[in-house]
Amino acid sequence: MEMPAPDMSVISRRDQIAARLTDALADPAAVITDPAETRAYECDALSAYRCPPLAVVLPSTTAEVAAVLRICHDERVPVVPRGAGTSLAGGSMPTADAVVIGLARMTDVLEINPQDRLIRVQTGRTNLAVTGAVAGQGFFYAPDPSSQLACAIGGNIAMNSGGAHCLKYGVTTNNLLGATVVLMDGAVVELGGPMGEGAGLDLLGVICGSEGQLGIVTEATLRILPTPEGARPVLIAFDSAETAGACVAAIIRSGILPVAIEYMDRPCIAATEDFCGAGYPDCEALLIVEVEGSAPEIDEQLRLIRDIAQGFAPLEFRESGSEDESRRIWLGRKSAFGAMGVISDYMCLDGTIPVSQLPHVLNRIGELSAKAGLRVANVFHAGDGNMHPLILYDANAPGDLERCEDLGADILRLCVEVGGCLTGEHGVGVEKRELMTAQYTPADLEAQMRVKDVFDPQWLLNPAKVFPLTVSAARRGQGGQDAA
Amino acid sequence: MRPETEKELAALIRAATSPVSITGGATRLRPGEGQGNRIDLRALTGITLYEPEALTVVVRAGTPLAEVQAALAAENQMLAFEPDPRDGSTIGGVVAANASGPRRVSAGACRDAMLGIRMVTGEGEIIRNGGRVMKNVTGYDLVKLSAGARGTLGAITEVALKTAPVPPVRATLRLTGLDDAGAIAAMTTALTGPFDVTGAGRLTNGTVILRLEGLAGSVEYRAGRLREALGPQAAIETVEGDADFATLRDYGQTGEAALWRIVLRPSQAEPLLAQLPDPHIVDWGGALIRAEAPQDWRPDLPQGARADCERGAAMSLPETDPVIARLNAGIRASFDPRGLLLEGAA
């Protein structure tokens, strides 16, 4: 993975820039330049790629973010926004000439309004703490990325995060009503409005998922939903991936809308059984289907799902009868990533496919895996086609990582070929930047980059992400330097 | 001008030297829209892909909305955002106007159901964005940006939409005898409890309507719980089906008077309702008000609210923030550097 050469004229002005930033903030300790401390910000959750930043700034208010951006704009310093640093795509990975603006101190709840069914928060607040703020009043915030305990709402907005329950409730963009955004020149704008509607174009819609390249979202108005009375999962085991895939299609086709349909294959089941002993059946593939509502509603939905599943001769249909059984059904799924980490190094992919292509894609992944000589375990959100193939490799074996990256790229290209896309919820970041040409034509990418030109004409905000380096080089003003 | 293919459309736009507006059935034009030469997309028709088991349909822009709805209904599916069916309306017009009906309170707007688009920009370039899967964070979401852009960024030629199953049972609770405050309170109760209400509005005759949908036993159970929660302050009648919601959705399609569309927070609705002339409807649990009014009437808007004149004189309130106006103009210029595309895609 290449990054552009840092701008030495910025690095040589480090002290002067840091002094200006310190002057602009109420708390002098909110500016970090000590190399021992900036190391904590040298990567996000994609820890394979690291680089300590020029400085880190931890503002407390929108006004402070605006002041910092004005200075960086003035000094032509690249800026990397950072929520909680849980990006799996290197979305908040810094460069040596960049100031990291971290939202960690901005965690306040600004308004809770049950009547208007919304909450307004500073965007450093974690996803789970948003629900925490409204749970007592019978509400929850729906998008639930697996990292929800740690990830910040600002990062969720940057990556348009999803989660297990988005089959029914949608992803971040479907639950974001408004945002306070600071542009690179320090201007502060309020986007969206009641029901998410703002003036003219849907600017909120394009900010969401723009990976911190158009502005820094400091406050967000989020839709909250009444908490359902209850939820209950079932576990359905099959002797083949095809049958499991067909069962997913039949459930969706029947008109029932479960809140989640999760899929795990044999390698993944085996690993989680060793890891946490959830007591999963011996099978090739299993589904976890969760429905919610009142007790009679849950019963009615589960009865229909049982009828559908019986048509596919499942090895087992395990309906939860208690809180504890529900927990055990989810236990293996929720432990899957940790369990795989125990047996091997792995790379987690994030491609999406049309659900109809599931059996074909699983077969093809099997073939590609055999050809590459690397094992692949599959665990994913089957209801919405968001796959997370985990490629197992040995980080200490020379050449293994490269083979793993090649196989990953082949699998993602396969997703695009069958009508899907490169990333469903993790984002492009630096990780999938160079693969963008597999999904988009030069004209498609040009249209996207022109939008960035409008928000950030000098390309200072999180540059060198999302777009292939050669494609964005001229805009980043470093035409020939990237090859270095 | 009525191009037969996307390529022909691209050539037409490239060759244009004077302002054009992109139209479908021209059924959702607002005052002042549809000027210049019209490029009519009604020859670009057809459902190019429909996978009911994946809840996705891909449709060319000029396809009549009625045709799309019929194809989905044949598979017991629907467009969850419930666009109002106007005679001659095309799917391209629906997405260009982000037309969204009463179910928006639960299922989201048209833009929330849009998964991907193909479009011809103001430079005559064919681009695509998004795709046909529910989750996609590959690059910027130009799909949302184009939704409701009224043809000013380009001509959307094809759109991939999320579909939804048609619920087996529908019931409507009708509440009568409520004043403005009581009506808003009843809708709020319905939308803030665990009742899974898929529509909450008030008809011109003052009847508050609440919709429940789903499996039979579930609808019956929730209707009972909701009636309990609403208490004795209103007369409540439960009727089968949701014909009242079609009435609510289709309000304002006939008539001559100026028609205002006001979006605001439900908690702000009561004072505004007090100053409204009749007739008017309330939708989205109090977040949408549509009202007929004399030509010179102007709403006294609460903080954050927006109002547009849908019929009558071209008018939007409040004035757009200058920075947002600059962004809007910049984006329009980036898609249409020659400034040829007028509002008009509907």
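The values are calculated or read from the model by the stated rules, or taken from the named source; none is laboratory data. Being a predicted model, the structure only gives us computed values, none of them experimental. When we count neighbours, we look across all protein chains shown, and the Cβ atoms used for this are built from the backbone with ideal geometry, even at glycine. These area figures cover heavy atoms from the full protein model, side chains too; ligands, DNA and RNA do not enter into them. Shrake-Rupley method; radii C 1.70, N 1.55, O 1.52, S 1.80 Å.
Observations on the model:
- Paramagnetic reach from A:ARG403 (point 7 Å along Cα→Cβ, amide N under 17 Å) across segment A:354-369: A:366-369
- Entries in B:LYS7/B:LYS162; B:LYS7/B:LYS144; A:LYS334/A:LYS452; A:LYS334/A:LYS432 that, when Cα-Cα distance is taken, lie over 31 Å: A:LYS334/A:LYS452
- Protection proxy ranking of B:254-264, A:161-171 - average other beta-carbon atoms within 10 Å, highest first: A:161-171, B:254-264
- Across segment A:322-465, the convex hull enclosing all Cα atoms gives 160 Å³ per residue.
- The order of A:GLU190, A:GLU219 by accessible area, most exposed first and with a 1.4 Å probe, is A:GLU190, A:GLU219.
- Shape of segment A:193-237, Cα gyration tensor, a/c cut at 1.5: prolate
- Working ranking of peptides A:176-183, A:106-113 by packing, defined as the average number of other Cβ atoms within 10 Å per residue, highest first, is A:176-183, A:106-113.
- Segment B:210-289-segment A:159-216 distance, computed between alpha-carbon centres (Å): 28 Å
- Among B:ALA11, B:ALA183, B:ALA80, the residue with the largest mean-square fluctuation in a Gaussian network model of chain B, with springs joining Cα atoms closer than 10 Å, is B:ALA11.
- Rg and Dmax over the alpha-carbon atoms of segment A:165-219 stand at 11.6, 38 Å.
- Rounded, prolate or oblate (a/c below 1.5 giving rounded, otherwise prolate when a/b exceeds b/c) for the protein assembly as shown by Cα gyration tensor: rounded
- For chain B, size of Cβ-based charge dipole, Lys and Arg +1, Asp and Glu -1, in debye: 760 debye
- Over segment B:97-165, volume per residue of the alpha carbon convex hull, in Å³: 89 Å³
- Cβ-placed point charges (K, R +1; D, E -1), dipole of segment A:1-116 about Cα centre in debye, nearest 20: 240 debye
- P(r), alpha carbons of chain A - 10 Å bins starting at zero, rounded %: 4, 19, 28, 26, 16, 6, 1, 0
- For B:324-337, mean number of other protein chain Cβ atoms within 10 Å: 5
- Selected from B:ARG60, B:ARG311, B:ARG265 as most flexible by GNM, with chain B as the system and alpha-carbon contacts under 10 Å: B:ARG265
- The translational diffusion coefficient of segment A:177-299, from Stokes-Einstein at 10 °C and 1.306 mPa s with a Kirkwood hydrodynamic radius over alpha carbon pairs, comes to 86 µm²/s.
- Sites A:SER240 and B:ALA73, calculated FRET efficiency, Cβ-Cβ separation with R0 41 Å, nearest 0.05: 0.75
- Cut-off 17 Å, label 7 Å out along Cα→Cβ of B:VAL169, residues of segment A:300-318 by amide N: A:300-305
- Helix A:266-276 and the longest principal axis of the C-alpha atoms of chain A enclose an angle of approximately 80°.
- Highest mean packing comes first when the peptides B:222-230, A:225-233, A:35-43 are listed by Cβ atoms within 10 Å, giving A:225-233, B:222-230, A:35-43.
- FRET efficiency for the A:SER9 to A:ALA48 pair, using the beta carbon distance and R₀ = 22 Å, is estimated at 0.15.
- Residue list for segment B:172-204, given a label point 7 angstrom along the Cα-to-Cβ vector of B:VAL239 and an amide N cut-off under 11 Å: B:172-175
- For segment B:63-119, alpha-carbon Rg over 2.2 N^0.38 Å: 1.06
- Database remark: amide H of B:GLY199 closer than 5 angstrom to the amide H of B:ARG211 (H placed geometrically; neighbours at sequence offset of 5 or more, or on other chains; Pro and chain starts carry no H).
- Using the rule -39500 (n - 2.57) for each DSSP H run of four or more residues, divided by the residues of the protein assembly as shown, the 222 nm mean residue ellipticity is -9500 deg cm²/dmol.
- Rg and Dmax of segment A:269-341, based on Cα coordinates, read 13.4, 40 Å.
- Cα gyration tensor shape for segment B:1-150, rounded if a/c is under 1.5, else prolate or oblate: prolate
- Mean shadow area of segment A:382-463, taken as a quarter of the surface of its Cα convex hull (nm²): 7.3 nm²
- Distance cut-off 25 Å, percentage of C-alpha pairs in chain B lying past it: 55 percent
- Cα convex hull, segment A:69-206: 120 Å³ per residue, rounded to a whole number.
- Summarising the strand pairing of the protein assembly as shown, around 90 percent of its internal DSSP beta bridges are antiparallel.
- Legend: mean number of C-beta atoms from other chains within 10 angstrom of residue C-beta atoms, peptide A:74-84, equals 0.
- Nearest-ten-degree value, helix A:400-417 long axis tilted from longest Cα axis of chain A: 70 degrees
- What the phi angles of segment A:301-307 give under the Karplus curve with 6.51, -1.76 and 1.60, with θ = phi - 60°, is a coupling list of 5, 5, 4, 5, 5, 4, 4 Hz, glycine and proline written as x.
- Between B:THR48 and B:ALA11, the FRET efficiency from the beta-carbon distance, with R0 = 22 Å, is close to 0.55.
- 10 Å Cβ neighbours from other chains, averaged over peptide A:279-287: 0
- Measuring nothing but alpha carbons in segment B:160-220 and taking Rh as the Kirkwood radius, the Rg to Rh ratio lands at 1.04.
- J(HN,Hα) series, segment B:247-256, from Karplus relation 6.51 cos²θ - 1.76 cosθ + 1.60, nearest Hz, glycine and proline x: 4, 4, 4, 8, 4, x, 6, 10, x, 10
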